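Notes to accompany the following structure.
The values are calculated or read from the model by the stated rules, or taken from the named source; none is laboratory data. What you see is a predicted model; the values in this text were computed from it and never measured. Cβ sites come from the backbone with ideal geometry, for glycine too, and all protein chains shown count toward neighbours.
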Amino acid sequence: IGRIRRGEGVASYETTRRRKDGSLLAVSLTVSPIRSSKGEIVGASQIARDITAAKESERRIRLLMREVNHRVKNQFAVILSMVRETNKRSASP
């Protein structure tokens, strides 16, 4: 409120709100001062954007990245094992 009274906007931030039915909603909030024709601050404007779909997309991407990371580590372990076994059975690299 102090920032709005000084005429500063509030940078967008993400938060979670509860709907009337009790479900949660991810939102991005932006708050800006409203000025009169004389330039005096007479109120504040709050804009809430529903970012639930974007948050779900981010969650899925993180999940897929963990799965890819896991599979890469498995492949690396197999290759490393093959290199070690080849090295044991070979006279020269």
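The requirement of being part of a loop (DSSP other than H, G, I, E, B), over 30 Å from GLY2 (Cβ atoms), of a type in the set (Gly, Ala, Ser) and modelled with pLDDT under 95 is satisfied by SER92. The set of residues in the stretch 20-44 being more than 21 Å from the chain's Cα centre (by Cα) and either part of a strand (DSSP E or B) or basic (Lys, Arg) (or both) consists of LYS20, SER32, PRO33, ILE34, ARG35, LYS38, ILE41, VAL42, GLY43, ALA44. For the residues ILE79, ILE47, ILE4, ILE61, the requirement of being in a strand (DSSP E or B) and among the hydrophobic types (A, V, I, L, M, F, W, C) singles out ILE47.
Note on the stretch 25-47: residues that are of a type in the set (A, V, I, L, M, F, W, C) and loosely packed, with under 13 Cβ neighbours inside 10 Å amount to 3.
Taking first residues from the stretch 43-71 that are in the same structural domain as SER12 (by TED's automatic domain parsing) and within 28 Å of GLU8 (Cα to Cα) and partners that are of a type in the set (A, V, I, L, M) and in a helix (DSSP H, G or I), the Cβ contacts under 7 Å between residues at least 6 apart in sequence or on separate chains come to ALA44/ILE4.
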